[in-house]
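Below is one structure, written out as structure tokens; comments come after it.
What follows is calculated from the coordinates using simple rules that are stated; it is not laboratory data. Predicted, not measured: the structure shown is a model, and the values here were computed from it. In this analysis, Cβ positions are derived from the backbone assuming ideal geometry, glycine residues included, and neighbour counts consider all displayed protein chains.
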Amino acid sequence: MSRPEAKGSAAGLPAGLDAPVFAEPWQAEAFAMTVALHDKGLFSWGEWADALSAEVKKPGAAADGHDYYEHWLAALENLLASKGLAAKPDVDAMAQAWERAAHATPHGKPILLENDPRAAN
């Protein structure tokens with residue numbers, strides 16, 4: 001049996017499989033955070049599947065799935081809140097702090113939480 005001729009880096013793969021998995025960096029970060037928290041034993045894959053399923057089944061979910069990682073993030077936030085690990089107001093406050101830090105950071109410089117103008121010094 002001979003090997004099929006290679007046609008580019010994705011030889012033998014269906015079309016589209018050589019495209020990026022994540023459209024935005026935050027999606028990859030949410031994915032990695034979920035895997036890391038599971039690996040630490042904070043929830044089972046069954047619990048995760050239930051949480052994610054509940055989010056994607058909510059009314060208003062995009063039929064084409066373009067909002068999948070928004071549901072992913074909501075599922076993670078809800079799961080952590082339900083386990084008492086991170087309350088939604090705390091998560092929201094931290095997200096706002098990062099947003100303020102991003103706006104206060106000069107272009108080309110790393111975004112640090114300490115750059116939040118409201119951060120305690």
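Taking the beta-carbon count within 10 Å as an exposure proxy, list VAL21, VAL35, VAL91 from fewest neighbours to most.
Working: VAL21 8, VAL35 11, VAL91 16.
Ascending Cβ contact count within 10 Å gives the list VAL21, VAL35, VAL91.
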Pair LEU113, ASP92: separation of 7 Å Cα→Cβ label points (nm):
1.9 nm
Can you tell which of ALA54, VAL91, ALA75 lies farthest toward the positive end of the dipole of region 37-121, using +1 and -1 charges on the Cβ of basic and acidic side chains (Lys, Arg; Asp, Glu)?
VAL91
Test of understanding: in a Gaussian network model of the chain with alpha carbons linked when under 10 Å, which of LEU76, LEU85, LEU52 would top the mean-square fluctuation ranking?
LEU85
Among the aspartates and glutamates, which have Cα under 19 Å from the Cα of LYS40 when same-chain residues fewer than 8 positions away are ignored?
GLU29, ASP50, GLU77
List LEU80, LEU17, LEU37, LEU42 from most exposed to least, where exposure is judged by having the fewest other Cβ atoms within 10 Å.
LEU17, LEU42, LEU37, LEU80
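Between beta-carbons, use under 14 Å as the cut-off and find the net charge around GLU24, counting Lys and Arg +1, Asp and Glu -1.
On the way: positive: none; negative: GLU29, ASP67, GLU70.
Here the charged neighbours net out to -3.
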Report which label in [x] 197; [y] 148; [z] 207 holds the value of volume of the Cα convex hull per residue in Å³ derived from the coordinates of this structure.
[z]
